[in-house]
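In what follows, a structure is listed as C-alpha cells, so that the remarks can point back to it.
The values are calculated or read from the model by the stated rules, or taken from the named source; none is laboratory data. Computed from a prediction, not measured in an experiment: that's the story for all the values here. With ideal geometry, Cβ positions are generated from the backbone for all residues, glycine too; neighbour counts draw on all protein chains shown.
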Amino acid sequence: MATCERIHQLNGVVNSSSSLSSKATVILGAQWGDEGKGKAVDQLAAEADIVCRCQGGNNAGHTVVIDGTKFFFHLLPSGIINSKCTAVLELETNEKKGLKDWHDRLVISDRAHIVFDLHQQADGMQELEKGSKSLGTTKKGIGPTYSSKATRNGLRICDLLGDYDEFSKKFNILVEQYQRMFPLLKVDVDAELKLYKEFAERIRPYVTETVTFLHKALKEGKKVLVEGANAAMLDIDFGTYPYVTSSNCSVGGVFTGLGVAPKSIGEVIGVVKAYTTRVGDGPFPTELNDDIGCILQTRGHEYGVTTKRKRRCGWLDLALLKFTSIVNGYTSIFVTKLDILDTLSEIKVCTGYRLDGKKIDYFPSHAADLAKVEPIYEIVEGWMTSTEGVRSFDKLPVNAQKYIKMIEKNLETPVKWVGVGAGRESVVSL
Ligand code: 2SA
Ligand code: GDP
Ligand code: MG
C-alpha cells in the first residue's frame with residue numbers, strides 16, 4: 001500500500017539505522033486550519049501504532065471520508081479510525097464519540113487540562129463583550145481553559161482522579177474566580193461536582209502518564225504519528241495575534257504537549273490546502289470577496305466542522321507558507337484540495353507582500369500591518385480538467401503539475417502527496 005511504503009520511506013530518508021526508526025512523524029496545518037489534516041493523518045495512520053493529539057481541544061474539526069461515510073473528529077485523534085492505532089488524547093471534555101472498540105485504544109494524558117462548562121460560558125461572554133472586535137472563536141472554552149492553565153488554577157485529569165475533596169475545593173476556587181470576572185456566569189457547583197465524579201470513573205481506565213508511555217513506545221520502535229490541530233497561523237505566538245487560538249499549533253506544541261524531546265521527532269509534514277481559507281476574524285491578505293471566492297467556498301464545501309460557519313476563501317499564499325515553513329521546518333508537504341481548482345481558467349498565487357509600497361522579506365507580526373499588506377501575485381494558467389480520478393503525478397494535467405512544482409520550489413520542500421478528492425482513495429503520491 002502506498003501509505004505503508006511512504007512511512008517506511010519517511011523513516012528511511014532520515015534514519016539509516018534501525019535505532020533511529022523510532023522517531024515520531026508530525027502532521028501540522030500550514031495555513032489557518034482545515035487544510036485536510038484529518039485526511040493526511042488517515043493516509044499515514046495505516047502504518048502507525050500510536051496517534052497523538054498534542055494541543056487544542058474540541059475547537060478542532062478533522063474530517064476523514066471512507067467509502068462515502070464522513071467521520072468528524074474534534075477531540076479524538078482521527079487516527080483512531082485505524083483499528084491498529086492507539087490514540088493519545090491531550091484535552092478531555094465530556095464529548096463522546098461512538099467509534100467501535102475505541103475503548104481499548106484510547107489513552108488520556110493525566111496532565112491534560114479539563115475544559116469546564118464555565119470556560120465555555122466565559123468564552124461566549126468574552127466574545128460578546130468584544131462586540132465588533134470579537135475574535136470569532138468556536139466558543140468551546142479553549143481560551144479560558146488555557147488562561148486557567150497559565151494562571152495555575154486550572155484543573156487537570158490527575159486532579160480529577162486524585163482526592164475528590166481536594167478536586168472539589170480547587171473547583172470551588174475556580175468557580176469563585178470566574179464568578180468575580182463574569183457575574184452573570186451560572187454554575188450549579190453541586191450538580192457539576194456530582195457529574196465530574198461520574199466522569200472520573202468513566203475515564204479512569206484510559207488515563208495514563210503519557211510521557212513515559214510515549215517514551216517507551218518510541219524506544220520499542222513503535223511508529224508514532226502526531227496529529228496537529230488548528231494551524232501555524234492560529235498559533236498563539238506565531239499566528240496572526242490576537243486572531244489566533246490559545247495553543248501552540250506549530251511544532252513547539254508537540255514538545256510542550258506530549259513531552260517528547262526534539263531528537264525523537266523525525267518528519268514534519270505540512271498540510272497545505274491548494275488555496276487558502278480562514279474561519280473566524282482577522283487579517284487575510286489573499287481573501288477573495290468575489291465570485292471566485294464563492295466558487296472556492298462552494299466547490300470546496302468550506303464550512304466549519306465544529307461551528308458550521310462559512311469559511312472565508314482566497315488564493316494560495318506562498319508568503320504565508322514560507323513563514324510557517326520557517327517556524328515548523330517541514331520535511332515534506334501534503335497538498336490537499338487541488339481538485340477544487342479544476343474549473344478555474346486562471347489562478348493567482350501570492351509570492352510576496354508589499355507594505356506601505358515596499359516589498360518586505362518577512363511576515364508582519366502586527367495584525368494591523370498584515371491587514372494592509374498588498375499581495376504580489378503571479379498568475380498561472382488553470383487546467384480546466386477534472387483531477388478527481390487521477391492517481392499518479394504524470395497523469396495530472398501539465399498546469400496542475402506546474403502548480404505543485406511551484407509550491408515545492410517556493411517552499412524548498414518536496415510535495416509528497418496531493419489530495420484530489422475528499423475520499424481516502426483520492427490521493428496522488430509522488
Ligand atoms: P478558539 O475557539 O479560541 O480556538 O478560536 C480562536 C481562533 O481559532 C480559530 N479556530 C479554527 N480555525 C479553523 N478550524 C477550526 N476548527 C473548526 C473546523 C472550526 C469551525 O474544523 O472547521 O467549525 O468553525 C478552528 N478552531 C479554532 C477560530 O475560528 C478563531 O479564529
Ligand atoms: P482539518 O481540520 O485540517 O482536518 O480539515 P477539515 O476536515 O476541517 O476540512 C477539510 C475538508 O476538506 C474536509 O471536508 C475534507 O473531507 C475535505 N478534503 C480533504 N482533502 C481533500 C481533497 O484533496 N479534495 C477535496 N475535494 N476535499 C478534501
Ligand atoms: Mg478542521
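Consider the stretch 50-88. How many of its residues are buried (at least 18 other Cβ atoms within 10 Å of the Cβ) and away from ligand 1 (no atom under 16 Å from the Cβ)? Can you show your working first?
Step one: of the stretch 50-88, the residues buried (at least 18 other Cβ atoms within 10 Å of the Cβ) are 50-64, 73-82, 85-88.
Now drop any that are not away from ligand 1 (no atom under 16 Å from the Cβ), which leaves 50-52, 79-82, 85-88.
So the count comes out to 11.
Within the stretch 348-361, restricting attention to residues that are exposed (fewer than 14 other Cβ atoms within 10 Å of the Cβ) and touching a strand residue (DSSP E or B) at 6+ places or on another chain (Cβ under 7 Å), which residue is farthest from residue 315 (Cα to Cα)? Step through it out loud before you land on a result.
Let us first name the residues in the stretch 348-361 that are exposed (fewer than 14 other Cβ atoms within 10 Å of the Cβ), namely 354, 356-359, 361.
Subsequent filtering for residues that are touching a strand residue (DSSP E or B) at 6+ places or on another chain (Cβ under 7 Å) retains 354, 359.
Details: 354: 16, 359: 19 Å.
The selected residue is 359.
For the stretch 362-430, which strands (runs of 3 or more DSSP E) that fit wholly inside it have 3 or more residues that are surrounded by 17 or more Cβ atoms within 10 Å (Cβ to Cβ) and either under 22 Å from the mean Cα position of the chain (by Cα) or in the same structural domain as residue 235 (by TED's automatic domain parsing) (or both)?
Numbers: elements: 374-381, 415-419, 427-429.
Here the list reads 415-419.
Is one or more of the residues making up the stretch 377-386 within 30 Å of residue 58 (Cα to Cα) and touching a residue at least 60 places away in the same chain (Cβ under 8 Å)? So far as the stretch 377-386 goes, no, none of its residues is within 30 Å of residue 58 (Cα to Cα) and touching a residue at least 60 places away in the same chain (Cβ under 8 Å).
Just one of the listed residues (286, 276) is touching a residue at least 40 places away in the same chain (Cβ under 8 Å), crowded, with 24+ Cβ neighbours inside 10 Å and of a type outside the set (Lys, Arg), and it is 276. Taken over the stretch 95-154, the criterion of being under 27 Å from residue 176 (Cβ atoms) and among the hydrophobic types (A, V, I, L, M, F, W, C) is satisfied by 112, 114, 115, 116, 118, 122, 125, 128, 135, 142, 150. Could you run through the stretch 44-69 and say how many residues are in contact (Cβ under 8 Å) with a residue 60 or more places away in the chain and assigned to a strand (DSSP E or B)? The number of residues fulfilling the criteria is 9.
Among the criteria (1) over 30 Å from residue 401 (Cα atoms); (2) at pLDDT 95 or above; (3) not basic (Lys, Arg), the one residue 206 does not fulfil is (2). Between 324, 306, 277, the distinction of being at pLDDT below 95 and within 16 Å of ligand 1 (Cβ to nearest atom) belongs to 306 only. The strands (runs of 3 or more DSSP E) located wholly in the stretch 252-360 that include 3 or more residues which are more than 20 Å from residue 417 (Cα to Cα) occupy 312-314, 346-355, 358-360.
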